[in-house]
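Enquirer: What follows is a single structure, and I will ask about it in a moment.
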Amino acid sequence: MRSTALARIAVGVVVERRKARSMWVDCLWRPVTVFAGIPPLAPWTPLGTEAETGLLYAGEAMIELHRTEVTNYRDNLASGAPTLWVVMCSTASDPPYRLLAVTADPAEGEAFTDAGNNLVEAVPMPPDIAEIVSRFVARHHVERPFIKRQRGRQTPADRKAPARTSRD
């Protein structure tokens, strides 16, 4: 399937694997950071470990920027804490997740939460990625004024009484 994105940003994703305190699951997984560029690492390469926590490079993804979503990107940047949404889908193997997508669109990030067993986590947007998204918004945003639909005004004489039926 061909993408309609006008810009693409290659990113790498780091996830945290933490020992769970549960009898039902061994580990908890969550994306913790996204960075611009793709390092020369294989997906699921360990980056470091501490007592019950480990960081792993989950792999690469592409943030796609579309003209139709510019308002969502602009609102995300204006929030004061720009965010990226990392989406991982569960697998039946080890590791238990596969990197599916990274998006700067809050609506798309929310939509992924409705799709089955996806793990969706919001992470801070790095400044270099925010700069690229900001330039995209500046280049493609077109301000469209909100136009409230006006109803025609009616006077009491214009209102008609409901028609009576034979059952009345």
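Enquirer: Starting from the amide H of Thr45, placed 1.01 Å from N in the peptide plane, find each other amide H under 5 Å away whose residue is 5 or more places distant or on another chain.
Expert: Tyr57
Enquirer: Rounded to the nearest 20 debye, what is the charge dipole size of the stretch 7-140 about its Cα centre when +1 sits on each Lys and Arg Cβ and -1 on each Asp and Glu Cβ?
Expert: Once rounded to the nearest 20, the dipole reads 120 debye.
Enquirer: To continue, here is another question. Pop out the ³J(HN,Hα) list for the stretch 88-96 in order, Karplus 6.51 cos²θ - 1.76 cosθ + 1.60 with θ = phi - 60°, rounded to Hz; leave Gly and Pro as x.
Expert: 10, 10, 6, 10, 9, 10, 10, x, x
Enquirer: Would you pull out the residues with amide H under 5 Å of Tyr97's amide H, same chain only if 5 or more places away, H placed 1.01 Å from N?
Expert: Close amide H contacts, sequence-distant or interchain: Thr91.
Enquirer: Just add up the charged neighbours of Arg30: K/R +1, D/E -1, any other residue whose Cβ is under 9 Å from the Cβ of Arg30. Walk me through the numbers before you get to the answer.
Expert: Values: positive: Arg17, Arg18; negative: Glu16, Glu121.
Its environment carries a net charge of 0.
Enquirer: Same structure, new question: What residues from the stretch 89-107 fall in the zone where the backbone N is under 16 Å from a label point 7 Å along the Cα-to-C-beta line of Asn118?
Expert: Label zone hits: 89-91, 97-107.
Enquirer: Got a sec to turn the phi values of the stretch 8-16 into Karplus ³J(HN,Hα) couplings, 6.51 cos²θ - 1.76 cosθ + 1.60 with θ = phi - 60°, whole Hz, x for Gly and Pro?
Expert: Karplus-based 3J(HN,Hα) across the stretch 8-16 equals 9, 10, 6, 9, x, 10, 10, 10, 10 Hz.
Enquirer: Each residue of the stretch 65-71 in order: what ³J(HN,Hα) in whole Hz does its phi give by Karplus 6.51 cos²θ - 1.76 cosθ + 1.60, θ = phi - 60°, with x for Gly and Pro?
Expert: 10, 10, 4, 5, 10, 4, 4
Enquirer: Would you please give the residues with an amide H less than 5 Å from that of Met125, counting only those at least 5 places away or on a separate chain, with H modeled from the backbone geometry?
Expert: Thr83, Leu84
Computed from the coordinates by the stated procedures, all read-outs in this text should not be read as laboratory data. Since we're looking at a predicted model, the values are computed, not measured. Glycine gets a Cβ as well: all are built from the backbone with ideal geometry, and neighbour counts include every protein chain shown.
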